[in-house]
Amino acid sequence: MYKRQFPFSVGNGAQWPTDWDLPGNAYQTAPVQTGVFHNPADPSVVNAFSNFSSAQASFVEPLPGQAGVRNTLRGDGYFSIDMGLSKRWIMPWAEKQSLQFRWEVFNISNSVRFDVQSINASVDTFGSTFGQYTRLSTNPRVMQFALRYEF
């Protein structure tokens, strides 16, 4: 099964090696494992790195004039399955009149995917929250029903 993953970068934090307006990205000095990892001590904390302290040590700030590298890491992707079911009945007293019932389900599998744009990915500004996801990119399962009478 193919899993779509979105790229993300680690920023260099509050440093401006290129100019005063655009902060650069950090350089990766060692390989890191990315994905969706839950903290065993607190399952509500979700991190993009398997070990955030060693991951944070795997990046260095660029020197003045350097720009760093971007989009070398892959985070959680997007996945959702939506389906609908409908039935139409023609009214016996007039063919122009009908009754339609519809059932639509969004995110059938109730998949949870995290937003890579919400990762706290700055080398020097987030400390112990480095690599943590802060929001979802998918919504929970939603069902809607409709009954429509056409005339």
Task: Under Karplus coefficients 6.51, -1.76 and 1.60, residue-wise ³J(HN,Hα) of region 70-80 in Hz, glycine/proline x - done: 10, 6, 8, 10, 10, x, 5, x, 10, 8, 7
TODO: Amide H neighbours of Q97 under 5 Å, at least 5 residues apart or on other chains, H built in the peptide plane: list them.
DONE: M91
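List the relative contact order of region 51-131 as a percent without decimals, with contacts defined as Cα pairs under 8 Å and 6+ residues apart. Kindly include the intermediate steps, with their values, before the conclusion.
Values: 79 pairs, mean separation 25.3, N = 81.
That works out to 31 percent.
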Task: Magnitude of the charge dipole, the chain, Cβ model with Lys/Arg +1 and Asp/Glu -1, debye to 20 - done: 800 debye
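Helix-derived [θ] at 222 nm for the chain: sum -39500 (n - 2.57) over DSSP H runs of at least 4, divide by residue count, nearest 500?
Working: 1 runs with 6 residues, N = 151.
-1000 deg cm²/dmol, from helical runs alone.
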TODO: Please state, rounded to one decimal and in Å, the Kirkwood hydrodynamic radius that region 95-151 gives when every pair of distinct Cα atoms enters the mean of 1/r.
DONE: 15.0 Å
Task: Theoretical FRET efficiency, 1/(1+(r/R0)^6), r = Cβ-Cβ of A146 and V36, R0 22 Å, to 0.05 - done: 0.05
Open item on the list: Taking every alpha carbon pair in region 52-118, what does the distance histogram look like in 10 angstrom bins from 0, in percent?
Closed with: 14, 22, 18, 15, 12, 9, 7, 4, 0
TODO: State log₁₀ I(q)/I(0) for region 7-151 at q = 0.14, 0.18, 0.21 Å⁻¹ as given by the Debye formula over alpha-carbon point scatterers of equal weight, solvent excluded.
DONE: -0.73, -1.00, -1.19
- [ ] Would you mind calculating the gained length between I90 and S128 on full extension (0.36 nm times residue separation, minus the Cα-Cα distance), in nm to one decimal?
- [x] 7.4 nm
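Read-outs throughout are calculated quantities, based only on the coordinates presented, and are distinct from any laboratory measurement. Worth saying up front: this structure is predicted, and the values here are computed from it rather than measured. Neighbour counts are summed over all protein chains in view; Cβ atoms, including those assigned to glycine, are modelled from backbone coordinates with ideal geometry.
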